[in-house]
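K.L.:
Shown below is the structure under consideration.
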Amino acid sequence: MKAIIPAAGLGTRLRPLTFARPKPVLRVANVPIVCHAINSLRAAGVRDIGIVVSELTHSAIQSAVADLEGVNIQYIFQDEMLGLGHAVKLSRDFVGQDNFCVYLGDNLFEQGVGRFIERFHAEQADAVVALVEVDDPSAFGVAVMEPGGRITQLVEKPKLPPSRLAVAGLYCFTPAIFELLEVLPPSARGEYEITDAIAGLIERGDTVLGECVQGWWKDTGKPQDLLDANRLLLNDLQPCVLGSVEGSRLTGPVVVELGAQVINSVIMGPVTIAAGAVIENAYLGPFTSVGRNTVIRNAEVEYSVIDENTEICDIKARLQECLIGVGAKVLGHAAVPRIHRFVLSDASLLELSC
């Protein structure tokens with residue numbers, strides 16, 4: 001079986017973090033989101049992976065996955081963002097006559113994707129769709145499923161959802177889906193919906209099964225979702241201290257990678273500190289990930305995702321629920337008069353408590 005990961009869009013709902021980088025390369029638990037997806041596929045036995053990219057995302061995606069082993073990655077270019085069905089259609093040459101799965105690379109599954117692939121093979125289905133029950137399914141593809149697991153209806157983002165079963169970002173197909181994608185008309189919003197193609201399979205009597213997600217599932221489409229995904233992943237963190245720790249107290253599961261330094265600080269896990277980072281005279285609270293070569297000095301941070309090459313220094317107030325991108329600087333000062341000095345990109349959010 002092969003896999004397709006659509007990664008051609010920038011992820012507008014995560015701006016300003018995605019003004020300069022595509023969403024799949026943003027890090028949670030110090031690993032790019034797209035690498036979590038690839039690792040999940042590899043664990044399920046899938047080795048041949050096609051990543052759908054655009055000219056804007058190709059370089060960043062290629063750099064993010066460069067160190068991964070045990071998989072064969074090819075790139076499929078999508079010049080226009082015309083929907084998931086369009087991205088899959090462009091992958092036809094890569095797929096050939098093999099069965100394949102489509103994994104939306106901004107989704108995370110606690111128990112991986114193996115159960116969906118196993119169900120697909122065991123039932124010899126024409127399609128298997130991952131489903132999860134949500135409170136508001138109107139923002140998703142929505143399925144109606146019989147007690148035996150057969151899907152009888154599938155609609156995209158309905159105003160009046162026929163059920164609470166939302167499509168959770170993982171599909172398994174035979175190559176027969178391409179017959180429908182080739183003749184698929186665009187939807188009212190001008191996109192080629194994969195749900196419309198699956199509905200075509202249902203209409204002609206093919207076997208389309210739903211498989212409900214076990215454990216947690218996270219769609220990392222919004223800033224709060226990244227923080228939550230980081231928390232969920234760090235819940236399973238195994239402590240490992242390979243870097244330098246001097247005059248500090250580490251409590252709970254803490255990872256200090258080789259080359260990182262923790263000096264005169266308190267670290268309350270789960271926390272992961274990447275190689276090259278320097279934590280000095282600081283407090284790091286639970287559910288915080290610190291990227292490579294980042295410096296946190298004379299500051300307190302908790303429940304936050306801090307990316308690479310960032311500097312956080314001399315901050316009197318504790319930073320909490322923060323997403324701080326690559327190369328950002330958060331600097332305090334003791335000057336009189338007290339002032340705030342900052343540069344904000346488009347669509348930024350700045351909250352000041354004093």
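Each value in this text was obtained by applying a stated rule to the coordinates, not by laboratory testing. Remember, it's a predicted structure, so these values are computed and weren't measured experimentally. Every residue, glycine as well, gets a Cβ built from its backbone with ideal geometry; the counts of neighbours run over all protein chains shown.
K.L.:
Near the amide H of residue 141, under 5 Å away, which other amide H atoms are found, from residues 5 or more places off or on another chain, if H is placed in the peptide plane?
P.N.:
So residue 141 has HN proximity to 157, 167.
K.L.:
Among 120, 178, 77, rank each residue by its count of other Cβ atoms within 10 Å, from fewest to most, as a rough exposure measure.
P.N.:
With the sparsest Cβ surroundings first, the list reads 77, 178, 120.
K.L.:
Here's something else I'd like to know. Could you point to the residue in 230, 114, 43 farthest towards the positive end of the chain's charge dipole, with +1 and -1 charges on the Cβ of Lys/Arg and Asp/Glu respectively?
P.N.:
Final value for the positive-end residue is 230.
K.L.:
On a 0 to 90° scale, report how tilted helix 114-123 is relative to the longest principal axis of the chain, with both axes built from alpha carbons and the result rounded to the nearest 10.
P.N.:
The angle comes out at about 10 degrees.
K.L.:
Using only the Cα atoms of the chain, construct the convex hull and provide its projected area averaged over every direction, in square nanometres to one decimal.
P.N.:
Mean orientational projected area (the chain, Cα hull): 19.0 nm².
K.L.:
Using the crude model of +1 on Lys and Arg Cβ and -1 on Asp and Glu Cβ, and no other charge, please compute the dipole size for the chain relative to its Cα centre, in debye to 20.
P.N.:
860 debye
K.L.:
Sum up the charges of everything whose Cβ sits under 9 Å from the Cβ of residue 295, counting Lys and Arg as +1 and Asp and Glu as -1, but leave residue 295 out.
P.N.:
It works out to a net charge of -1.
K.L.:
Once amide H atoms are placed 1.01 Å from N in the peptide plane, what residues at a sequence separation of 5 or more from residue 294, or on another chain, have their amide H within under 5 Å of its amide H?
P.N.:
277, 278, 309, 310
K.L.:
For the cross-link pairs 2/222; 157/222; 89/218; 23/329; 218/316, which exceed 23 Å when the distance is taken from alpha carbon to alpha carbon?
P.N.:
In this structure, 2/222; 89/218; 218/316 exceed 23 Å between Cα atoms.
K.L.:
In whole Hz, with x marking every Gly and Pro, tabulate ³J(HN,Hα) for the range 136-146 from phi via Karplus 6.51 cos²θ - 1.76 cosθ + 1.60, θ = phi - 60°.
P.N.:
Karplus values, whole Hz, x for Gly and Pro: 10, x, 5, 8, 10, x, 10, 10, 10, 10, 6.
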